[in-house]
Amino acid sequence: MASVPTWGKRTLALGAGAAVTALVLTGCAGGTSGGTGDLDGLIIGTTDKITSLDPAGSYDNGSFAVQNQVFPFLMNTPTGSPDVEPDIATKAEFTDPTTYEVTLKKGLQFANGNDLTSSDVKFSFERDLKIKNDNGPWSLLANLKSIETPDDTTVVFHLDHADQTWPQVLSSPAGPIVDEDVFSATELTSAEDIVKGKAFAGQYTITSYKENDLIAYKANPKYDGVLDKAKTKDVTAQYFTKETDLKLAVQQGDVDVAYRSLTPTDISSLRKDDALQVIDGPGGEIRYVVFNFKTQPFGTGQDDADEAKALAVRQAVADVVDRDELAKEVYNDTYTPVYSMVPDGLTGAATPFKSLYGDGNGAPDVDKAKKTLADAGVTGKVELDIQYSPDHYGSASDDEYATLKTQLEDSGLFTVNIQSTVYTTYAVERTKDAYPLYQLGWFPDFSDADNYLSPFFTKDNFVQNHYDDPTIQGLIADEQEESDADKRAAIIEKAQQREAEQISTLPLLQGKSVAVAGKDVKGVTLDASFKFRYGTITK
């Protein structure tokens, strides 16, 4: 996903700094929960902001972290597992290669008392596709042809083609089930209306909501899914604008758990603090650069010569980038180099950017880049305009893109203009061809290689950079259909090779998941589901 992509707006919320920590959470050291009134309550601190509480309007980790607590799913990942199981369903299965049937549990209800039926399920998926928000998860539903609801507890999904990942899609940001009596069918519903309407059926409900400031959660007694009942009744999420404030808050005990994101330097420092525990989890996050095929140098696409020059620019950038330097000097090895959009550790992962570019072993090769440009008829220095967000992916982005600029300019082949934009603007402008090259991150929706391919390289993709290649689209359709694991892995490798040859996106780094908590906190679970759940945590 939406580091979801991986994700989230970075509004400068009033209470997202140390001052509000002092005002609102003065009782934390005594065990209170910042206004929830429960001595056993928890405070979760984060800098990972929210784009939208409405699932149709967000495709980012910050928003999905909230949605995971309060909305139900047809399929979900039990704690400690990457594999999906029925959540608010009793059964879910393919009845033929393109038909997936789900049987809901009987007697399901939202927190407001409304019945949760197959009609709500149909409504939830269809509104995603109707609204088709620029920052929404609708691209994950590209294979959905139609939905039938023969009765209140039966949902039948008809797919355009066979898709082995469909059960996992139902657990993704496209999967939250919402109340059709509260949500609009044609436009995003405000957080105020969602909270006021008590339109929740997950482990928690939201009792108070101030976006990107404070959210108060209460355990939902009506939750009836695959997860255990929430172990802590009251949880408050506090949002910070700066990682340094989040670090200070967890050190002082003002928050019980700090999760996404702390700087690499802060993490190293906190590991030495005997009053804290640092929990490491599987790393599915990647960082990458997007090329806009219309606005990058020679990107007008008016003739074959321009297209060849545009490709040569992308290839030369790939030849010059030094991922090892970025990982070591900027991120203190909390990230590692990655040579494909599919990160290491997933079935089918390959390293085509390592073999195709640079010296073939991961190091840059300036002479090769010079030849690539010359062969395409590119003369003189190429001017690159690169945009990044200074707040969305952590303050280390400043150093990351300063280092990238230096690498490119030191080659003597490029003049680089680096600009930064806060994510509230960035998330909108990047979809409007405003940035020729720009930063994105991705935090996966589910732990399958397809989730690093289809959101980026299908025809109507999340990146919206005008990359449209029938060959890779065909390979993605083939891997989704293939049920033989070895054959599917081979197709996934071919898809990675194809994208690396054309370079729609340039993968740079792969990260890992890290949380910091007080010694008295238990149950912080970081697993290969890539979902951070409050319901397992106790103090």
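The values are calculated or read from the model by the stated rules, or taken from the named source; none is laboratory data. None of the values given here were measured: they were computed from a predicted structure. Cβ: placed from backbone, ideal geometry, glycine included. Neighbour counts: every protein chain shown. These area figures cover heavy atoms from the full protein model, side chains too; ligands, DNA and RNA do not enter into them. Shrake-Rupley method; radii C 1.70, N 1.55, O 1.52, S 1.80 Å.
Restricting segment 111-126 to residues that are outside any loop (DSSP other than H, G, I, E, B) and not small (Gly, Ala, Ser) leaves a set whose member that is nearest to the chain's Cα centre (by Cα) is Phe125. Remark: pairs (first residue in segment 403-423, modelled with pLDDT under 95 and among the hydrophobic types (A, V, I, L, M, F, W, C); second residue crowded, with 20+ Cβ neighbours inside 10 Å and not in a strand (DSSP E or B); Cβ separation under 6 Å; 6+ apart in sequence or on different chains) = Val422/Arg10; Val422/Asp391. Reported count of residues in segment 516-539, each being hydrophobic (A, V, I, L, M, F, W, C), surrounded by 24 or more Cβ atoms within 10 Å (Cβ to Cβ) and either touching a Gly at 6+ places or on another chain (Cβ under 8 Å) or modelled with pLDDT under 95 (or both), is 2.
Residues in segment 160-181 that are more than 16 Å from the chain's Cα centre (by Cα) and open to solvent by less than 10 Å² (accessible area, probe 1.4 Å): 6 in all.
Tally time: how many residues in segment 501-515 are assigned to a loop (DSSP other than H, G, I, E, B) and crowded, with 23+ Cβ neighbours inside 10 Å? Of the residues in segment 501-515, 1 are assigned to a loop (DSSP other than H, G, I, E, B) and crowded, with 23+ Cβ neighbours inside 10 Å. Only a single item in (1) open to solvent by less than 30 Å² (accessible area, probe 1.4 Å); (2) under 16 Å from Ile50 (Cα atoms); (3) not hydrophobic (A, V, I, L, M, F, W, C) is not met by Lys210, and it is number (1).
Given segment 241-329, what helices (runs of 4 or more DSSP H) lie entirely inside it while holding 3 or more residues that are small (Gly, Ala, Ser) and modelled with pLDDT of 95 or more? Answer list for segment 241-329: 304-320. For segment 118-132, the criterion of being within 21 Å of Gln203 (Cβ to Cβ) and either among the aliphatic types (A, V, I, L, M) or surrounded by fewer than 21 Cβ atoms within 10 Å (Cβ to Cβ) (or both) is met by at least one residue. On the basis of being open to solvent by 30 Å² or more (accessible area, probe 1.4 Å) and modelled with pLDDT of 95 or more, does Ala376 make the cut? For Ala376, the condition - open to solvent by 30 Å² or more (accessible area, probe 1.4 Å) and modelled with pLDDT of 95 or more - is not met.
The residue pairs whose first member lies in segment 261-274 and is surrounded by fewer than 19 Cβ atoms within 10 Å (Cβ to Cβ), whose second member is modelled with pLDDT of 90 or more, and whose beta carbons are closer than 6 Å, counting only pairs six or more residues apart or on different chains, are Arg271/Val278.
Residues in segment 88-106 that are assigned to a loop (DSSP other than H, G, I, E, B) and either of a type in the set (D, E, K, R) or buried (at least 24 other Cβ atoms within 10 Å of the Cβ) (or both): Lys105, Lys106.
Condition first: part of a loop (DSSP other than H, G, I, E, B) and under 14 Å from the mean Cα position of the chain (by Cα). Now tell me which residues in segment 38-87 satisfy that. Result: Asp48, Lys49, Ile50, Thr51, Ser52, Ser58, Tyr59, Asp60. Checking each residue in segment 330-360 for being within 18 Å of Ile503 (Cα to Cα) and of a type outside the set (A, V, I, L, M, F, W, C) picks out Pro337, Tyr339, Ser340, Pro343, Thr351, Pro352, Lys354, Ser355, Tyr357, Gly358, Asp359, Gly360. For Thr232, the conditions (1) part of a strand (DSSP E or B); (2) open to solvent by less than 10 Å² (accessible area, probe 1.4 Å) are fulfilled apart from (1).
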